[in-house]
Amino acid sequence: MDKNQAEAKLKEYGQEHVLKYYDELNEADKEALLRQIDETDFSVLSHIGNAGKGDARGKFSPLAAMQREEIVRREKEFHDAGVEAIKAGKTAALLLAGGMGTRLGSDNPKGMYNIGLTKEVFIFQRLIENLLDVVRETDTWIRLFVMTSEKNHEATVAFLKEKKYFGYKEDKIVFFKQDMAPACDYNGKLYMEGKARISTSPNGNAGWYSSMVRAGLDKILTDEGIEWIDIFAVDNVLQRICDPCFVGATVLANVSVGAKVVKKAAPDEKVGVMCLEDGRPSIVEYYELSQEMMDAKDENGDPAYNYGVILNYLFHVPELKAVTDDRMPLHVVEKKIPYIDETGDLIKPTEPNGYKFEQLVLDMIHQLSTCLPYEVIRENEFAPIKNPTGVDSVESARELCKKNGIEL
Ligand code: UTP
């Protein structure tokens with residue numbers, strides 16, 4: 001794209017200020033900026049009117065979860081089926097580590113955060129150790145994909161290499177970068193993070209599949225006969241990953257996706273709840289739950305919308321081809337976006353100052369035909385780290401780790 005074409009594209013979206021410093025840039029920076037303008041999808045900016053609003057939703061109905069009682073009763077059957085699938089190399093794990101972790105407020109990738117008290121215990125380490133439990137139990141190295149973004153890729157790769165992957169086998173790990181989306185102020189004007197660079201942020205955790213395909217990694221799935229991928233968040237330091245019982249229960253249920261869920265702590269707890277929407281699996285956000293839904297009961301008299309998702313899903317690979325980005329809603333999220341001011345100085349805001357655009361994994365679920373919500377015990381498997389202190393924090397995760405006998 002040349003300068004004239006860039007000007008025309010920017011004009012179409014009212015973003016001419018992006019070229020404000022163009023004439024003072026060196027040739028390499030000029031070229032980089034033109035390339036970024038060419039590659040960036042500015043049409044997302046037209047969605048800022050949706051900020052704070054959800055998309056129109058369909059008709060919700062309950063989706064029964066497989067509960068602990070059944071899981072314990074059928075444990076051997078599930079466990080054996082899971083071990084068989086893992087040993088046959090049909091199962092992979094995928095760490096979603098492309099997020100910015102802005103609430104935690106560390107400059108490093110979230111996984112580099114040390115939650116240890118008497119020794120170093122990094123978030124990445126906790127996750128890899130959890131996966132290593134399964135590797136040892138099944139005597140099988142599980143393929144591990146790690147999704148980063150251009151903001152944290154180098155730091156993530158260098159850190160894990162330096163730490164010798166916390167004992168994981170190097171050639172079983174594949175890194176790839178997710179795609180980015182532009183970020184703008186409250187009036188829809190793009191922020192610049194440098195004179196030659198539009199501010200961007202990762203395009204949401206649903207980007208994992210399309211980014212993986214763009215990186216050519218679906219070839220690994222095909223070549224290695226991987227049929228199931230366990231997608232998990234970087235911040236839940238207790239979750240089991242590719243645990244045989246979950247894998248076996250999902251495989252035997254013959255569903256498009258298995259979803260780990262926990263029983264809600266209170267009817268109005270702020271978690272997304274597994275349900276059906278127009279007959280397809282879906283997740284209803286806590287603020288979308290009507291009083292009627294909160295009061296609804298299942299056939300045992302228990303709350304019918306009672307199981308929250310924890311961002312740990314086992315996707316059936318053959319069905320992912322049917323999932324397409326353009327059918328997923330675009331979430332407009334208020335965030336703190338670094339930018340250069342009028343004088344060209346970089347500002348790192350301490351309060352949200354604009355919008356970024358994301359597609360979320362939970363919207364992928366709704367494109368699939370069947371889902372098994374699989375209950376895990378909250379105290380044993382759910383210790384998310386979103387904030388430094390308070391709810392879902394380093395502090396609360398440390399407490400839960402201690403309760404589970406993990407030395408910190
Ligand atoms: P969160 O929404 O909690 O993560 O994502 P975040 O955006 O990093 O955090 P804040 O809101 O800025 O504090 C849940 C999971 O999805 C991943 C995160 O890394 C985390 O594992 N994620 C999120 C991505 O991989 N890519 C994204 O674009 C967004």
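Does Val174 count as surrounded by fewer than 17 Cβ atoms within 10 Å (Cβ to Cβ), part of a strand (DSSP E or B), of a type outside the set (Ser, Thr, Tyr) and under 22 Å from the mean Cα position of the chain (by Cα)?
In short, yes.
Taking region 17-38 only, how many residues are more than 17 Å from Met1 (Cβ to Cβ) and touching a strand residue (DSSP E or B) at 6+ places or on another chain (Cβ under 9 Å)?
3
So for region 301-311 (the condition being surrounded by fewer than 21 Cβ atoms within 10 Å (Cβ to Cβ), at negative phi, under 17 Å from the mean Cα position of the chain (by Cα) and modelled with pLDDT of 90 or more), does at least one residue qualify?
Checked region 301-311: at least one residue is surrounded by fewer than 21 Cβ atoms within 10 Å (Cβ to Cβ), at negative phi, under 17 Å from the mean Cα position of the chain (by Cα) and modelled with pLDDT of 90 or more.
Any chance region 200-221 includes a residue that's surrounded by 19 or more Cβ atoms within 10 Å (Cβ to Cβ), touching a residue at least 40 places away in the same chain (Cβ under 8 Å) and at positive phi?
Yes.
Looking at Leu25, Leu45, Leu63, Leu33 in this structure, which one is in contact (Cβ under 8 Å) with a residue 12 or more places away in the chain, surrounded by 13 or more Cβ atoms within 10 Å (Cβ to Cβ) and within 30 Å of Ile226 (Cα to Cα)?
Leu63
Considering only residues that are assigned to a loop (DSSP other than H, G, I, E, B) and of a type in the set (Asp, Glu), which ones fall in region 343-363?
Asp345, Glu351
Here is a yes/no grid of residues against (1) away from the ligand (no atom under 14 Å from the Cβ); (2) assigned to a loop (DSSP other than H, G, I, E, B); (3) of a type outside the set (Val, Ile, Thr); (4) in contact with a strand residue (DSSP E or B) (Cβ under 9 Å, 6 or more places away or on another chain):
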position	(1), (2), (3), (4)
Gly105	no, yes, yes, yes
Lys119	yes, yes, yes, no
Phe124	no, no, yes, yes
Ile128	yes, no, no, yes
Asp133	yes, no, yes, no
Arg136	yes, no, yes, no
Met147	no, no, yes, yes
Tyr165	yes, no, yes, yes
Ala181	no, no, yes, yes
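Please specify each residue of region 248-265 satisfying the condition of being closer than 21 Å to Gly89 by Cβ and in contact with a Gly (Cβ under 6 Å, 6 or more places away or on another chain).
Across region 248-265, the qualifying residues are Gly248, Thr250.
Looking at region 324-346 only, could you name the residues that are surrounded by 13 or more Cβ atoms within 10 Å (Cβ to Cβ), more than 16 Å from the ligand (Cβ to nearest atom) and hydrophobic (A, V, I, L, M, F, W, C)?
Correct list: Ile340 only.
Kindly indicate which of Asp235, Asp223, Asp230 is within 21 Å of Leu94 (Cα to Cα) and in contact with a Cys (Cβ under 8 Å, 6 or more places away or on another chain).
Asp230
Quick one: Leu95 ticks every box in (1) of a type in the set (A, V, I, L, M, F, W, C); (2) out of contact with any helix residue (DSSP H, G or I) (no Cβ under 6 Å at 6 or more places or on another chain); (3) farther than 19 Å from Glu170 by Cβ bar one, so which box is it?
(3)
Tell me yes or no: at least one residue of region 186-197 is under 18 Å from Gly111 (Cβ atoms), touching an Asp or Glu at 6+ places or on another chain (Cβ under 6 Å) and in contact (Cβ under 8 Å) with a residue 12 or more places away in the chain.
No: zero hits.
Which numbered condition trips up Lys270, out of (1) in contact with a helix residue (DSSP H, G or I) (Cβ under 7 Å, 6 or more places away or on another chain); (2) surrounded by fewer than 17 Cβ atoms within 10 Å (Cβ to Cβ); (3) under 20 Å from Ile229 (Cα atoms)?
Here Lys270 clears every test but (3).
Yes/no matrix, rows are residues, columns are (1) without any contact (Cβ under 8 Å) to a residue 60 or more places away in the chain; (2) hydrophobic (A, V, I, L, M, F, W, C):
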site	(1), (2)
Leu94	no, yes
Asp107	yes, no
Lys110	no, no
Glu120	yes, no
Ile123	no, yes
Asn130	no, no
Arg136	yes, no
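Look at region 364-394 and say how many of its residues are assigned to a loop (DSSP other than H, G, I, E, B), in contact (Cβ under 8 Å) with a residue 12 or more places away in the chain and surrounded by fewer than 17 Cβ atoms within 10 Å (Cβ to Cβ).
Counting residues in region 364-394 that are assigned to a loop (DSSP other than H, G, I, E, B), in contact (Cβ under 8 Å) with a residue 12 or more places away in the chain and surrounded by fewer than 17 Cβ atoms within 10 Å (Cβ to Cβ) gives 4.
Within region 12-31, how many residues are in a helix (DSSP H, G or I) and over 27 Å from Glu334 (Cα atoms)?
8
Given the structure, is Lys263 of a type in the set (D, E, K, R) and surrounded by 17 or more Cβ atoms within 10 Å (Cβ to Cβ)?
It is true that Lys263 is of a type in the set (D, E, K, R) and surrounded by 17 or more Cβ atoms within 10 Å (Cβ to Cβ).
Restricting attention to region 82-103, and to residues there that are of a type in the set (Val, Ile, Thr) and in a helix (DSSP H, G or I), which single residue is nearest to Ala155 (Cα to Cα)?
Taking the candidates together, the pick is Ile86.
The values are calculated or read from the model by the stated rules, or taken from the named source; none is laboratory data. Nothing here was measured: the structure is a model prediction, and the numbers come from that model. Positions of Cβ are backbone-derived with ideal geometry, glycine not excepted, and every protein chain shown enters the neighbour counts.
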